[in-house]
1. Going by the conditions given, is residue 228 within 16 Å of ligand 2 (Cβ to nearest atom), surrounded by 15 or more Cβ atoms within 10 Å (Cβ to Cβ) and small (Gly, Ala, Ser)?
2. Can you name every residue in the stretch 194-224 that is part of a strand (DSSP E or B) and either over 25 Å from residue 125 (Cβ atoms) or not hydroxyl-bearing (Ser, Thr, Tyr) (or both)?
3. Taking the stated definitions as given, is residue 102 at pLDDT 95 or above, in contact with a helix residue (DSSP H, G or I) (Cβ under 7 Å, 6 or more places away or on another chain) and of a type in the set (Ser, Thr, Tyr)?
4. Would you say residue 218 is touching a residue at least 40 places away in the same chain (Cβ under 8 Å), closer than 30 Å to residue 321 by Cα and of a type outside the set (Ser, Thr, Tyr)?
5. Of the conditions (1) on the phi > 0 side of the Ramachandran plot; (2) in a strand (DSSP E or B), residue 136 satisfies every one except a single condition; which number is it?
6. Return only the number of the condition from (1) in a strand (DSSP E or B); (2) at pLDDT below 95; (3) not aliphatic (A, V, I, L, M) that residue 411 does not satisfy.
7. So, in the stretch 151-172, of the ones that are in a loop (DSSP other than H, G, I, E, B) and polar (S, T, N, Q), which residue ends up farthest from residue 103 (Cα to Cα)?
8. Hey, any hits in the stretch 312-321 for a residue that's modelled with pLDDT of 95 or more and under 25 Å from residue 410 (Cα atoms)?
Amino acid sequence: MPADDRVPARSRADAAAKAGRLGRRGFLAAGAGVAAAALSGRAAQATTDNKYGPPHIPDWTKTLGPGVGDKPYGAPSPHEKQIIRRTVDWLTATKESSVSFTPIAEQLGIITPSGLHFERHHAGIADIDPKAHRLVVHGMVEREMIFTMDDIRRFPSASVVRFIECPANGGMEWRGAQLERCQYVRGMVSCSEWTGVPLRTLLRETGVKAGAKWMLAEGADAAAMTRSVPIQKALDDAMLCYGQNGEAIRPEQGYPLRLLLPGWEGNMSVKWLRRLEFGDQPWHTREETSKYTDLMPDGRSRQFTWFMEANSVVTFPSPERPLDGKGFYEMTGFAWSGLGRVRRVDVSIDGGRNWSPARLHDPIYAKALTRWSLPFRWNGEPLLVMSRAQDDTGYVQPSIAELRKVRGVNSIYHNNSMLTWHVKAGGEVENVQLK
Ligand SMILES: Nc1nc2c(c(=O)[nH]1)N[C@H]1C(S)=C(S)[C@@H](COP(=O)(O)O)O[C@H]1N2
Ligand SMILES: [Mo]
C-alpha cells in the first residue's frame with residue numbers, strides 16, 4: 001500500500017495540546033499527579049504554537065457563517081474528508097463486483113454513518129424506483145402474494161441496531177499479515193439502526209406450509225443474488241428493512257428493501273430484495289457452493305457456515321492512528337458477536353502474555369458493534385497490542401494459530417482471529433501475526 005494513502009499523523013503541536021488536556025483530565029480523575037507534570041512541557045510548547053486559541057480571536061469568530069437552510073442535506077466537516085470508504089484495487093478485477101471498507105479505526109460510536117457503511121456488490125448498485133419495485137412471496141406458502149413498497153410500509157414496524165459483516169472480513173490474512181490498515185483488515189463490518197417489518201409478521205399474510213423448511217431470498221440487482229435460509233431463521237429475527245439510521249436505506253445497502261439476517265454472513269442479507277420462495281430443501285446456489293463455503297485442510301468444504309462468531313479490533317492505536325509520544329492514552333476498539341451480546345473484552349499489550357479487562361460502553365446490543373476502552377500509559381517501548389472478545393454464549397475469540405489448527409489456511413471466510421498491532425518505539429503501528 002502506498003504510504004501516502006495513510007492518514008497523515010497529526011501535527012506534533014496539535015497532538016501535544018491534545019495529550020496535555022487529556023493527560024491532566026485523566027490523571028486528575030485517577031488521583032495521580034506525576035504524569036501531569038511530565039506532560040506540562042508539551043502543553044507549554046502547544047501554547048507557543050497557538051495562533052487561534054485564547055487569547056487570540058480566530059477568523060471564524062469574525063464573520064457570519066452560512067445560514068439555516070443553506071445546507072438542506074448536511075455533510076461532515078471538510079476537515080474530516082480523509083474519513084472515507086476505501087478500496088484495495090488489486091483485490092478484485094472489476095468495480096462492479098468488489099468491496100469498499102468502512103474506516104472503522106475512526107468510527108466514534110457504535111453506529112456506522114450510512115455514507116461510510118462498507119459495500120459489497122456482485123454486480124454494482126441497482127438503481128430502483130420504489131414505486132415500481134415488488135416483492136413476491138411464493139412456493140410452499142398458503143397464499144402466493146406480491147407486495148408493493150407501500151404495502152410493506154403498512155405492516156407494524158420495528159427498529160434494531162445490528163451489524164452486517166462480510167465473512168470475508170480478514171479473509172486476506174489466513175496465511176499471514178498482509179494489509180497495512182485497520183480499515184482493510186477489519187473494515188468489512190458496519191453497524192446501523194435498521195427499520196422495517198419483522199419477516200414473520202409479513203409471513204402471517206402469506207402463511208407458510210407445514211413442510212416448508214427453507215426460504216430462498218433473491219435480489220433485484222444484475223447478480224440476482226440468491227441464498228437459502230433455514231425457516232427457523234426466517235421466523236426468528238429476520239427483517240425486511242427499508243430504513244437505515246433514520247432515513248430510507250441507502251442505494252448501496254439495498255434501497256428500497258433488503259433482507260436482514262442479524263448475526264449471519266452478510267452475504268445472506270440480500271439487498272434490493274425482490275423474491276422469497278419457500279421450499280423443503282436448500283437450493284445450493286452459487287453463493288453457497290462455489291462461494292461462501294470454507295475449504296478445510298482435508299480437502300472437504302464446510303457449507304452453510306452462517307454464524308459470524310465473536311470478533312474484535314483495536315481501533316486506537318492502529319496502523320492509521322499511531323501513538324504520539326509517551327504518556328496517557330485511552331485505548332479503544334470494537335467487539336461484536338453474531339451469536340449474542342459481547343460479555344467481555346480483554347486487552348494485551350505484550351502479545352497475549354498478560355490480559356486486562358476493558359470497559360464495555362453502553363449501549364450493548366446483541367449482534368451489534370460494542371464499544372470498549374482501556375486507559376493505559378505508554379512508556380515508549382514497543383508493544384504487541386491485541387484484543388480478545390467473549391460473547392454471552394461463553395465463546396472466546398481464537399488466536400490465528402488456534403484457528404489455523406482446525407481450519408487450515410485455504411479458506412477465505414470466517415477468519416475472526418485476534419489481530420496483533422506491533423507498536424514500534426516511534427509510535428507507528430504495524431499489522432503483524434504471532435506464531
Ligand atoms: N442482491 C445482493 N445482495 C447482496 C449482495 C449483492 O451483491 N447483491 N452482496 C452481499 C454480500 S457478499 C455482503 S457481505 C452484504 C454487504 O452488504 P453492504 O454492501 O450493505 O455492506 O450484502 C450481501 N447482499
Ligand atoms: Mo460478502
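The values are calculated or read from the model by the stated rules, or taken from the named source; none is laboratory data. Note that the coordinates shown come from a computational prediction; the quantities given were computed from them, not determined experimentally. When we count neighbours, we look across all protein chains shown, and the Cβ atoms used for this are built from the backbone with ideal geometry, even at glycine.
1. So residue 228 passes the test.
2. Those that are part of a strand (DSSP E or B) and either over 25 Å from residue 125 (Cβ atoms) or not hydroxyl-bearing (Ser, Thr, Tyr) (or both): 194, 196, 197, 198, 214, 215, 216, 217, 218, 219.
3. yes
4. No.
5. (1)
6. Status for residue 411: all satisfied but (1).
7. 157
8. yes
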